[in-house]
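The values are calculated or read from the model by the stated rules, or taken from the named source; none is laboratory data. Keep in mind it's a predicted model, so treat the numbers as computed, not measured. Neighbour counts are summed over all protein chains in view; Cβ atoms, including those assigned to glycine, are modelled from backbone coordinates with ideal geometry. The area values use the complete protein model at the heavy-atom level, side chains included, leaving out ligands, DNA and RNA. Shrake-Rupley method; radii C 1.70, N 1.55, O 1.52, S 1.80 Å.
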Amino acid sequence: MIIKHSEKIASPQIIKDSFKQLGYICSDDIAMSVYLACQLQKPILIEGPPGVGKTELAKKTSEYLNTPLIRMQCYEGLDEAKALYEWKYGKQLLYTQLLKDQLGDVMRGAKGLDESVTRLHQFGDIFYSEQFLEPRPLLQALKEKDGAILLIDEIDKADQEFEAFLLELLSDYQVSIPEMGTIKAESKPIVILTSNNTRELGDALKRRCLHLYIPFPDPKLEQEIISVQVPEMDASLRSDMVKFISELRELSLKKVPAVSESIDWAKALLLLNVNELDHNWIKQTLNLLLKFQEDIEVVEPEIHQLLQKMKRP
Ligand SMILES: Nc1ncnc2c1ncn2[C@@H]1O[C@H](COP(=O)(O)OP(=O)(O)OP(=O)(O)O)[C@@H](O)[C@H]1O
Ligand SMILES: [Mg+2]
């Protein structure tokens, strides 16, 4: 991985510039974390509110390094079988049927029970070999010869047991399969974990990762994001909408708008040919920014005041 990508990840600045060309704006912290994760071969744990570009960062890293993205979406009840591997039971059964006739040949001439059991055992081992193994995302990532980006998305949704199970993979880039032994990465993947903080993650997991917190972007960064995502938008309208969104984020709402909402709003304002933000346009498009009716009811009576505040230098 390191040798193949050494030029592409030679500095945080190169990462920043290249990701921008792909439509992703990195803050200094983001660029530094990607740089360190690639160079030190350490997983990154990205935390932050929804919609600030955590998942997108993994996608862009994969696109930039031209390396496959292997994504594992976490959920409650996710277990090893779904994450690591499963035995192909159907195939095992089919082969058992087909080989049944050969059983006589295998056992022929066996002396005593011990020898019969040994022969049967060898026969059985075939069914727990690579050909009967169905790799799931974690194993797929370890088996990629030229490395991969392994996105373990929303790890906070998985149970604590699953988090503990990940520790071996995160520190040694290997997993243990009882029937086959330890499987080591062919080429260490770049591992990106994301979390929305729905529960506190364990210290052991945190210790194994570089930690990156992506907050809501500051107005300058958010303007840059909108300018790459919605380039046709007029600069002064863009500046106004970013100011308005920052004001909204100061309010005590159930869910304040994230970057994804800013981008949707920018696209909608462009589509509606809005030249200047006014009370009416804001009122009509507020549902693009706020996803709870109770938040809309809080903000609607405040629009006038927020506009005044926004216009202050
Ligand atoms: N820095 C950025 N540069 C460009 N686009 C961004 C940036 N941050 C967020 N976006 C855009 O915002 C949208 C949401 O991003 P993403 O899905 O990665 O958020 P998330 O943090 O993973 O959210 P969630 O926690 O809900 O999964 C994407 O369409 C992405 O393109
Ligand atoms: Mg996400």
Query raised in the report: Does at least one position in region 89-105 carry a residue that is under 30 Å from LEU170 (Cβ atoms), free of Cβ contacts under 8 Å to residues at least 60 places away in the same chain and not assigned by TED's automatic domain parsing to the domain that holds TYR173?
Result: yes
Requested in this report: Would you confirm whether any residue within region 96-112 is under 19 Å from CYS209 (Cα atoms), open to solvent by 80 Å² or more (accessible area, probe 1.4 Å) and more than 16 Å from ligand 1 (Cβ to nearest atom)?
Outcome: no
Query raised in the report: Which of the residues that make up region 16-58 are among the aliphatic types (A, V, I, L, M), under 20 Å from LEU150 (Cβ atoms) and either touching a residue at least 40 places away in the same chain (Cβ under 8 Å) or open to solvent by 10 Å² or more (accessible area, probe 1.4 Å) (or both)?
Result: LEU22, ILE30, LEU36, ALA37, LEU40, ILE44, LEU45, ILE46, LEU57, ALA58
Report summary line: Taking region 13-35 and keeping only residues that are away from ligand 2 (no atom under 16 Å from the Cβ) and among the aromatic types (Phe, Trp, Tyr), one is left with PHE19, TYR35
Report summary line: For region 191-214, the count of residues that are more than 11 Å from ligand 1 (Cβ to nearest atom) and outside any strand (DSSP E or B) equals 11
Query raised in the report: If you check THR96, THR61, which single one turns out to be at pLDDT 95 or above and β-branched (Val, Ile, Thr)?
Result: THR61
Requested in this report: Mind listing just one residue for me: the one in region 215-235 that is without any contact (Cβ under 8 Å) to a residue 40 or more places away in the chain and in a helix (DSSP H, G or I) and, of those, farthest from the chain's Cα centre (by Cα)?
Outcome: ALA235
Requested in this report: Take region 36-94 and flag every residue that is more than 15 Å from GLN140 (Cα to Cα), touching a Pro at 6+ places or on another chain (Cβ under 8 Å) and away from ligand 2 (no atom under 16 Å from the Cβ).
Outcome: ALA37
Report task. Give the residue, chosen from THR61, THR67, that is within 13 Å of ligand 1 (Cβ to nearest atom), open to solvent by less than 50 Å² (accessible area, probe 1.4 Å), in contact (Cβ under 8 Å) with a residue 12 or more places away in the chain and among the polar types (S, T, N, Q). Result -> THR61
Query raised in the report: Of the residues in region 24-58, how many are at positive phi and within 7 Å of ligand 1 (Cβ to nearest atom)?
Result: 3
Report task. Please give the number of the condition GLU134 fails out of (1) under 28 Å from ILE25 (Cα atoms); (2) more than 18 Å from the chain's Cα centre (by Cα). Result -> (1)
**Report entry** Some residue of region 162-177 being within 16 Å of ligand 2 (Cβ to nearest atom) and either touching an Asp or Glu at 6+ places or on another chain (Cβ under 8 Å) or in contact (Cβ under 8 Å) with a residue 24 or more places away in the chain (or both)
**Finding:** no
Report summary line: Reported set for region 174-195 where residues are open to solvent by 10 Å² or more (accessible area, probe 1.4 Å) and touching a strand residue (DSSP E or B) at 6+ places or on another chain (Cβ under 7 Å) is GLN174, SER176, THR182, ILE183, LYS184, ALA185, ILE190
